[in-house]
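Below: the structure, in structure tokens.
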Amino acid sequence: MLKGRSLIEPGNFSQEELEGLFSLAEKIEDDPSYLRESCRGKLLAALFFEPSTRTRLSFEAAMLRLGGSCLGFAEPGSSSAAKGESLADTIRTVSSYADAIVMRNPKEGAALLASRFSSVPVINAGDGGHHHPTQTLTDLLTIRRIRGTTENLIIGFCGDLKFGRTVHSLANALSRYPGVRMIFISPPELTVPEYIKEMLNKEKIPCGEAERLEEVISELDVLYMTRVQRERFFNEEDYIRLKDFYILTAEKMQGAKKDMIVLHPLPRVNEIAAEVDSDERAVYFRQAKYGMYVRMALLASVLGAV
Ligand code: CP
């Protein structure tokens, strides 16, 4: 059903389609040989106009594990974008070489624009501070796999909720699950954008806001930590003032439920102390691995291999 479809934001896929992807990812995790050669002969173009470790490499690993091949660039300086080529022309060209395109770009709306000029499916790997839908697939699969459900949970989003595109995408996707409550924990300068609040209000999702993590950590089932997005700040002074506003420590974890899980899209800078890594509730490195399984499921589906 997903064959030939682009993924620009989480709402592009129905709940039924998302459930199908998660079931497929779980099958792949349980049996690594499943779908192993299903994309043989297919090519994925990975166009990264911004830095990435997890998204780019997990997409490439996913494609290679499915038996397909990858081409692309990891920074725009090595492409003709550096000579002034428009995104539309780049996409028209690359879509004549590859069977699917995964793209990260600093401009909000770039993925949607690319999908309009592409003859093959476009997967948004992050467009500025807007959306990061495959991180959302990763996050939902992690919660489902470890907590057993994505329903009736209290999720705390903590950190840079203004520029953090993973937060915007995940809040959007979680609003479709029954019984979910959200608490947004941020300094006043980095609160979640109004359009997200309006969307949640319209969907009648119970939401709260807090400035101090310690005040609300005991209520949470899932704590979603985020990095302060230095690359989106207009001046360095503001970044320096806000960058260490939240640091999750072992002491703070003592105030959390025994079964609360800590997610982070990564990369982390200072916002989670290394001492937390050994806490079994810290699942962010497992989360990064789930990202590869769900991207395998996505690529196999979009390329018509299942
Ligand atoms: N989570 C995430 O997008 O990580 P990268 O920036 O390393 O791809």
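In angstrom, the C-alpha Rg and Dmax of segment 29-98 are 14.1, 46.
Using Cβ point charges alone (K and R +1, D and E -1), the dipole size of segment 1-117 about the Cα centre works out to roughly 440 debye. Per the Debye calculation on the chain with a single equal scatterer at every Cα and no solvent contribution, log₁₀ I(q)/I(0) for q = 0.12, 0.16 Å⁻¹ amounts to -0.78, -1.35. Taken over the Cα atoms of segment 122-235, the convex hull encloses 108 Å³ per residue.
Counting Lys and Arg as +1 and Asp and Glu as -1, what is the net charge of the other residues whose Cβ lies under 10 Å from the Cβ of N105? Combined, the nearby Lys, Arg, Asp and Glu give -1.
Cα convex hull, segment 1-117: 110 Å³ per residue, rounded to a whole number. Each label point was placed 7 Å from the Cα along the Cα-to-Cβ direction; for I247 and T53 their separation is 2.0 nm.
For segment 238-306, the spread of Cα coordinates along the three principal axes comes to 47, 35, 16 Å, biggest extent given first. Remark: segment 1-48 carries a charge dipole of roughly 400 debye about the Cα centre, counting +1 on each Lys and Arg Cβ and -1 on each Asp and Glu Cβ. The fraction of Cα-Cα pairs per 10 angstrom bin, counted from 0 for segment 175-287, comes to 12, 42, 36, 10, 0 percent, rounded to whole percents. For segment 118-160, just run the numbers: alpha carbon Rg, then divide by 2.2 N^0.38 Å, N being how many residues it has. For segment 118-160, the normalised Cα radius of gyration comes out at 1.49. Dimensions of segment 66-201 from C-alpha coordinates, computed as largest minus smallest value along each principal axis and given longest first, are 46, 38, 22 Å. Pairs exceeding 30 Å between alpha-carbon atoms, taken from K42/K202; K107/K243; K202/K252: K42/K202; K202/K252. For the pair K202 and E17 in one chain, pulling the backbone fully straight at 0.36 nm per residue adds 64.3 nm over the alpha carbon distance. Annotation: extensible slack from L71 through R116 equals 14.1 nm (criterion: 0.36 nm per residue apart, minus Cα-Cα distance).
To the nearest 0.05, how large is the calculated FRET efficiency for F234 and K289 if R₀ is 35 Å and r is the Cβ-Cβ distance?
Computed FRET efficiency for F234 and K289: 0.50.
Extension gain for E211-A273 works out to 20.4 nm (0.36 nm per residue, less the C-alpha to C-alpha distance).
Overall, the chain carries a charge dipole of about 860 debye about its Cα centre when +1 sits on the Cβ of Lys and Arg and -1 on the Cβ of Asp and Glu, all other atoms neutral. With the convex hull drawn around the C-alpha atoms of segment 197-253, the volume per residue stands at 123 Å³.
The Cβ shell under 15 Å around D244 holds other residues with a net charge of 0, Lys and Arg each +1, Asp and Glu each -1.
Every number in this text was worked out from the coordinates using simple rules, so none of it is lab data. The model shown is predicted, which means the values in this text are computed figures rather than measured ones. Glycine also receives a Cβ, built like all others from the backbone with ideal geometry; neighbour counts cover every protein chain displayed.
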